[in-house]
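Notes follow once the structure below has been shown.
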């Protein structure tokens, strides 16, 4: 007999797999446990063993006599020994059929065969009641075989369980079609199927919604959703990775109640501002704290991460949840958990996608003929000769479209590979990813390359070690020259360039727009200068590494010692070539290194007493430092463009180099206790004591306590028979959190270097700044929250509601001083801000049959106001400078919403078509005293709606997101709709709807270069919108039906982002926040911002 190499390899592989499974099963059964129960049902004993040994039992209750009471007292014995003793008087066998699943079944009884002699011609007639055989396979929702599924003939004790491949065989009574089988398994809905005359029944079980039993991550620990006492929202991997995005925070948009995500601009890699339950600080950051696998990041945007690497994101909102982070928890906390490996078969997941991005909409600007006619009218109104003859106007036609020049169709590509797996001792997850996005503005891009590893290893039953690390390379080209006026920035130039002109001269050189016509503004720059002759490149290497040693001296106590480092080295090179208009070449280089070292040491306790009292506690201390160094140099005047930024010494005028260093330290002590009685009455108490090097002596330490109570009404006896309400929990919380709203040395009297001349010599100097250091203390936020969690129809519909009040006191801000002191300003704790609001969320499984439909939605209402300011004095901000107007745009005033728009109110036109303004103070003249509130950037409510439908192998996902009731200050319209007389192109409606003697009630004033423009309600627009954020159609290949074993899943999908936006906003896009940053109180301003794109995506997901 010949044996081929292939046969030999298959045999070896089969033996190895069999051996591996045997080894894993043996290791599971040989683990030691301690068990002491007295007169308890077997089902209760098995539940206790499941918690102690981290296993799951599958069984038919009737077969193992689950209601029979037993007593057992074993200390540090093998699991197999415990099971042998538990079933010593019953014919029960046990078998490991899954990763940690043990199947209990009745030992088959072999009937003795008795030989019988029958007469030669005797025939045997089967009994009409003879049993018959039935078989089949039970699969999970992913098409994989389910081991341990209970298969029982209804109303009998006859049954069996599925084997490791999900197969079963069962002898059933031959009673005709009336026999019904009941299939049941933990985590899945029971299914009853009438057998009829079939001999084979295959089925796929439907998962049961056990969302309340899910474990969610909280600060320094985990907790079941059902035991939460605070306010928390969770976003899972499917939503996070539902569409390609440069920043993982974009995945939070509309996904969580109370979380507002503001995309500052549409540029690739542009920062995102996140506000959780409103804005708390005037001077400090309003961004939440981001914690990645337990490591608190220093930055405001976790760009180090790839979306595909993230398992879940938990958003902690109330003080009960955030107070454990003390001085960094006032703005909320976002806990990011990356993907970890699991014991079992090695999994390989690959995903790739390709996207095409385009400008969401073009502005409707004047064409060449309209432009020429428009400025001839301006010339006539200003008593000037026409700029163009009628023949010239007729010859212009439509002219040149500058938007088509600047904006392009741009690709975006993503690729991610993850390999995970392990055994009972070691689990791993390794991933690599690439994200490449070209911007819709030529020359802009964002590229990210990441490697990530998570490794968990159990050294013994007492010790384990964990390691997690991410290495990321970022490289981005910036083309977001925005703001400005009269076409002196790239975006402004794209709008303002005359359509009568082309970008190139006849000889191929750039056309100089400022001298093309005598009436054109000297500021106007050909956008090609910004696109081709300016280069802004940032390259960064980011590392996030953390490791921990875990010691469990006994089952209920865990000691964890962990440490980590966050490091970022980046370099930004800016070069403007000699070809740029009026440029002799300029270069600058800036480098920055940030390093943060973390040490965390905690001890945790978790114990259940008498199956009623559950106590979990954590205590510890942490140390984290933050070191930042910087270096910058520049130069102007280069002989050649060749060196760019790599030979600053060749500049004819070198700039003065600068360098910097800062360091701050945060030392903390923390403790939290959770108590639950019978899963009905829940309490949480925590405290954190933070010490910061930033603050003055005597104020360096802050205390941040919190407390929360919850009552699970649904677990009360009087609710047991309620068939409608499946879950009802009422909760309330209170707590204090803080904010470090100053830089590292704000409380010190710093000296600054300078230079001065004595005689004919230049001397170096040191002198104090103009800011007087103050005796400062923490900003403190007190928050109260009342919430209810409500589930009906076996939690088919889950509803969550929260009402909160946040008061932030001791606000830090600059205060002006009399010049006689020698200092001009100081920082003081001067004010108070309040945020209050209502959050509603619903999660429902509308249909659960062959056609599945899940819907979840949320809506949030937040109201803020300034309660107190220093001396009651207003704070003005949001300065806008567009030549024609130079003024502030918003105000902070006691009793009013934060950052309300501030300006004049228009009152029609005079008889010459000039704008009139209301005399609000009635003094007969228009002065600064006539300014008033003209708009509010804060929305009345924000919402999100997500729908997931699936039928057979198709999935359809719709995600809607919206903002209602907010205003946008359209600063772009200042220069592009009112600054007449300087040859700027403008929207067509200015041409069609401006003042004339025949149109005295027009939208725009008379076309003249003497416009009396001011910051007014003219530029306030409704920023409300409803957006189809994402729509995706996916097809899942039926690999199991095709008999394909080597591939686990294949999904092909097509999706679209921002395809439909319903809004009244007149400019490119309402999702804009030009002046947004971490501590900005100037929100809702659009100043020639890089527009948001719409995207079409095709992708492939494959699992092995």
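For the stretch 390-412, what are the residues that are in contact (Cβ under 8 Å) with a residue 40 or more places away in the chain and either touching a helix residue (DSSP H, G or I) at 6+ places or on another chain (Cβ under 8 Å) or within 25 Å of residue 340 (Cα to Cα) (or both)?
First, the residues of the stretch 390-412 that are in contact (Cβ under 8 Å) with a residue 40 or more places away in the chain: 396, 398-403, 405-407, 409-412.
The answer is 396, 398, 399, 400, 402, 403, 405, 406, 407.
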Exercise. Hey, any hits in the stretch 286-293 for a residue that's touching a residue at least 24 places away in the same chain (Cβ under 8 Å), under 16 Å from residue 861 (Cα atoms) and touching a helix residue (DSSP H, G or I) at 6+ places or on another chain (Cβ under 9 Å)?
Worked result: no
Problem set entry | Count - residues of the stretch 608-664 that are within 29 Å of residue 294 (Cβ to Cβ), touching a residue at least 40 places away in the same chain (Cβ under 8 Å) and buried (at least 16 other Cβ atoms within 10 Å of the Cβ) | 10
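Can you find a residue that is assigned to a helix (DSSP H, G or I), touching a residue at least 40 places away in the same chain (Cβ under 8 Å), surrounded by 21 or more Cβ atoms within 10 Å (Cβ to Cβ) and in contact with a strand residue (DSSP E or B) (Cβ under 8 Å, 6 or more places away or on another chain) anywhere in the stretch 961-971? Quick ask: steps written out before the conclusion?
At the first step, the residues of the stretch 961-971 found to be assigned to a helix (DSSP H, G or I) are none.
No - not one qualifying residue is present in the stretch 961-971.
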Exercise. Would you pick out the residues in the stretch 437-452 that are crowded, with 18+ Cβ neighbours inside 10 Å and closer than 17 Å to residue 350 by Cβ?
Worked result: 450, 452
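Inside the stretch 699-800, counting only strands (runs of 3 or more DSSP E) that do not spill past its ends, which hold 3 or more residues that are modelled with pLDDT of 90 or more and buried (at least 17 other Cβ atoms within 10 Å of the Cβ)? So that I can check it myself, show each step before the final result.
Values: elements: 701-712, 725-739, 751-758, 761-768, 779-792.
Of the strands (runs of 3 or more DSSP E) lying wholly inside the stretch 699-800, those with at least 3 residues that are modelled with pLDDT of 90 or more and buried (at least 17 other Cβ atoms within 10 Å of the Cβ) span 701-712, 725-739, 779-792.
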Problem set entry | Residue match in the stretch 996-1004 (condition: out of contact with any strand residue (DSSP E or B) (no Cβ under 9 Å at 6 or more places or on another chain) and over 30 Å from residue 377 (Cβ atoms)) | no
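For the stretch 28-100, which strands (runs of 3 or more DSSP E) that fit wholly inside it have 2 or more residues that are under 23 Å from residue 167 (Cα atoms)? Walk me through it before giving the result.
Details: elements: 32-41, 56-58, 69-78, 92-96.
Passing ranges, in order: 56-58, 92-96.
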Exercise. Here is a list of conditions, (1) touching a helix residue (DSSP H, G or I) at 6+ places or on another chain (Cβ under 6 Å); (2) under 29 Å from residue 812 (Cα atoms), and residue 251 meets all of them except one; can you say which number that is?
Worked result: (2)
Problem set entry | Residues located in the stretch 1074-1102, provided they are closer than 29 Å to residue 237 by Cα, in contact with a strand residue (DSSP E or B) (Cβ under 6 Å, 6 or more places away or on another chain) and at pLDDT below 90 | 1076
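If I ask for residues that are farther than 26 Å from residue 999 by Cβ and crowded, with 19+ Cβ neighbours inside 10 Å, which ones from the stretch 898-923 would you list?
Here is the first cut: in the stretch 898-923, the residues farther than 26 Å from residue 999 by Cβ are 898-902, 920-923.
Within the stretch 898-923, 898, 899, 900, 901, 902 qualify.
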Seminar exercise, completed: Checked the stretch 674-703 for anything over 30 Å from residue 720 (Cβ atoms) and in contact with a helix residue (DSSP H, G or I) (Cβ under 7 Å, 6 or more places away or on another chain); matches are 686, 688, 690, 692, 702
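Does the stretch 1019-1027 contain any residue that is in contact (Cβ under 8 Å) with a residue 24 or more places away in the chain, within 30 Å of residue 383 (Cα to Cα) and touching a strand residue (DSSP E or B) at 6+ places or on another chain (Cβ under 8 Å)?
Taking the stretch 1019-1027 as the starting set, the residues that turn out to be in contact (Cβ under 8 Å) with a residue 24 or more places away in the chain are 1019-1027.
Next cut, within 30 Å of residue 383 (Cα to Cα) only: 1019.
So of that shortlist, the ones also touching a strand residue (DSSP E or B) at 6+ places or on another chain (Cβ under 8 Å) come out as 1019.
There is at least one residue in the stretch 1019-1027 that is in contact (Cβ under 8 Å) with a residue 24 or more places away in the chain, within 30 Å of residue 383 (Cα to Cα) and touching a strand residue (DSSP E or B) at 6+ places or on another chain (Cβ under 8 Å).
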Exercise. Can residue 1066 be described as under 24 Å from residue 357 (Cα atoms), out of contact with any helix residue (DSSP H, G or I) (no Cβ under 6 Å at 6 or more places or on another chain), modelled with pLDDT of 90 or more and part of a loop (DSSP other than H, G, I, E, B)?
Worked result: yes
Exercise. Which residues, counting only those in the stretch 810-821, are in contact with a strand residue (DSSP E or B) (Cβ under 8 Å, 6 or more places away or on another chain) and over 19 Å from residue 743 (Cα atoms)?
Worked result: 817, 821
Problem set entry | Criterion violated by residue 1004 - all others in (1) at pLDDT 95 or above; (2) within 38 Å of the chain's Cα centre (by Cα); (3) within 22 Å of residue 880 (Cβ to Cβ) satisfied | (2)
Exercise. Can you tell me which residues in the stretch 910-941 are assigned to a loop (DSSP other than H, G, I, E, B) and touching a strand residue (DSSP E or B) at 6+ places or on another chain (Cβ under 9 Å)?
Worked result: 910, 913, 918, 919, 920, 926, 931, 936, 937, 938, 939, 940
Seminar exercise, completed: Checked the stretch 478-494 for anything within 24 Å of residue 437 (Cβ to Cβ) and over 33 Å from the mean Cα position of the chain (by Cα); matches are 493
Problem set entry | Matching residues, the stretch 868-912, being free of Cβ contacts under 8 Å to residues at least 60 places away in the same chain and at positive phi | 871, 872, 895
Problem set entry | All positions within the stretch 456-504 that are closer than 26 Å to residue 570 by Cα, in a loop (DSSP other than H, G, I, E, B) and in contact with a strand residue (DSSP E or B) (Cβ under 7 Å, 6 or more places away or on another chain) | 478, 479
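Condition check ((1) in a loop (DSSP other than H, G, I, E, B); (2) under 27 Å from residue 454 (Cα atoms)) across all residues:
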{"position": "216", "(1), (2)": "no, yes"}
{"position": "223", "(1), (2)": "no, yes"}
{"position": "246", "(1), (2)": "yes, yes"}
{"position": "323", "(1), (2)": "no, no"}
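The values are calculated or read from the model by the stated rules, or taken from the named source; none is laboratory data. Keep in mind that what you see is a predicted model, and the values were worked out from it rather than measured. Cβ atoms come from the backbone with ideal geometry, glycine included; neighbour counts cover every protein chain shown.
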